[in-house]
Amino acid sequence: MAGKYFQKPGPELADRVPPGQHLAKGFPVLTYGDTPHIAQADWSLTITGLAAPQTFTWADMMALPQTDFTADFHCVTTWSKLDVTWRGVRVTDLIAQLQVNPEAACVMLHCYGGYTTNLTLADFVRPENFFAHTLDGSPLPPDHGGPMRLVVPHLYAWKSAKWVNGVEFLAEPALGFWERNGYHHRGEPWAEERYSG
Ligand SMILES: Nc1nc2c(c(=O)[nH]1)N[C@H]1C(S)=C(S)[C@@H](COP(=O)(O)O)O[C@H]1N2
Ligand SMILES: [Mo]
């Protein structure tokens, strides 16, 4: 049965697929709970914690530089999808708009629906990380986190917060939803950082 949904990578792709992962057919949806339906006009992103408080509306985000990017996607449940094509706002371009307190060392991402996930500031502020609103040339579907999600390609995809609506800057590490429930605090797929010790 598994062969219907997963395939073993051929040799030409084997070095792109982390240990213990298989290639997914299609793009599975992985959500804990229900999909929130948020209109672009109702969406906003709020900056809290150790930074000057700010709120970005949809129009504010669209006024920032828009960038196409391609990234691999690795879910800890062992499926991977290579070369996903997205468009969005680079995390570094958003950060340039903020006044972050020098004591900030970590972030908690907040989402419509209540999901959270934590990152170190170093893992959050990387040039390949995006707030994404477009998937394969179309508006990001609600099930995949539309209207706006985070994409953090270098870590397992539970860090890629769907329906993101807040960035909270923190001095100390804190745990998000899956991290509190036994998953690794960082989640690096090449090191198979799946569960916390
Ligand atoms: N808000 C929110 N974001 C989330 C999740 C979730 O349940 N809620 N699931 C995470 C997990 S475990 C994965 S693998 C990816 C799945 O993204 P997809 O449904 O677009 O494949 O979203 C991540 N972001
Ligand atoms: Mo996942």
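Since every read-out is calculated from the coordinates, none of them should be taken as a lab result. Note that this is a predicted model, so its numbers are computed, not measured. Heads up, the Cβs are rebuilt from the backbone with ideal geometry, glycines too, and the neighbour counts pull from every protein chain shown.
Below, the figures for the structure above:
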{"read-out": "Filtered residue count, the stretch 103-132, keeping only those that are polar (S, T, N, Q), within 9 Å of ligand 1 (Cβ to nearest atom) and surrounded by fewer than 22 Cβ atoms within 10 Å (Cβ to Cβ)", "value": "1"}
{"read-out": "Candidate set from the stretch 133-174 (those that are hydroxyl-bearing (Ser, Thr, Tyr) and within 16 Å of ligand 2 (Cβ to nearest atom)); member that is surrounded by the most Cβ atoms within 10 Å (Cβ to Cβ)", "value": "Tyr156"}
{"read-out": "Qualifying residue in the stretch 86-102 (condition: over 19 Å from the mean Cα position of the chain (by Cα) and within 16 Å of ligand 1 (Cβ to nearest atom))", "value": "no"}
{"read-out": "Residue that is surrounded by the fewest Cβ atoms within 10 Å (Cβ to Cβ), among those in the stretch 175-197 that are of a type in the set (Lys, Arg) and away from ligand 2 (no atom under 13 Å from the Cβ)", "value": "Arg180"}
{"read-out": "Per-region count, the stretch 20-44, residues assigned to a loop (DSSP other than H, G, I, E, B) and within 16 Å of ligand 2 (Cβ to nearest atom)", "value": "11"}
{"read-out": "Residue list for the stretch 24-38, filter: within 20 Å of Val84 (Cβ to Cβ) and either in contact with a Ser or Thr (Cβ under 6 Å, 6 or more places away or on another chain) or within 11 Å of ligand 1 (Cβ to nearest atom) (or both)", "value": "Ala24, Gly26, Phe27, Pro28, Val29, Leu30, Thr31, Thr35"}
{"read-out": "Meets criteria (on the phi > 0 side of the Ramachandran plot and crowded, with 17+ Cβ neighbours inside 10 Å) for Gly49", "value": "yes"}
{"read-out": "In the stretch 146-197, residue farthest from Thr57 (Cα to Cα) [restricted to those that are of a type in the set (S, T, N, Q) and in contact with a Phe, Trp or Tyr (Cβ under 8 Å, 6 or more places away or on another chain)]", "value": "Ser196"}
{"read-out": "Some residue of the stretch 163-179 being more than 22 Å from His22 (Cβ to Cβ), part of a helix (DSSP H, G or I) and more than 10 Å from the chain's Cα centre (by Cα)", "value": "yes"}
{"read-out": "Subset of the stretch 156-172 (residues that are of a type in the set (A, V, I, L, M) and away from ligand 1 (no atom under 11 Å from the Cβ))", "value": "Val167, Leu170, Ala171"}
{"read-out": "First in the stretch 105-126 and outside any strand (DSSP E or B), second anywhere and within 8 Å of ligand 1 (Cβ to nearest atom) and of a type in the set (A, V, I, L, M, F, W, C), Cβ under 7 Å, 6 or more apart", "value": "Tyr112/Trp163; Gly113/Trp163; Tyr115/Ala161; Tyr115/Phe177"}
{"read-out": "Filtered residue count, the stretch 52-75, keeping only those that are surrounded by fewer than 17 Cβ atoms within 10 Å (Cβ to Cβ) and closer than 23 Å to Leu121 by Cβ", "value": "8"}
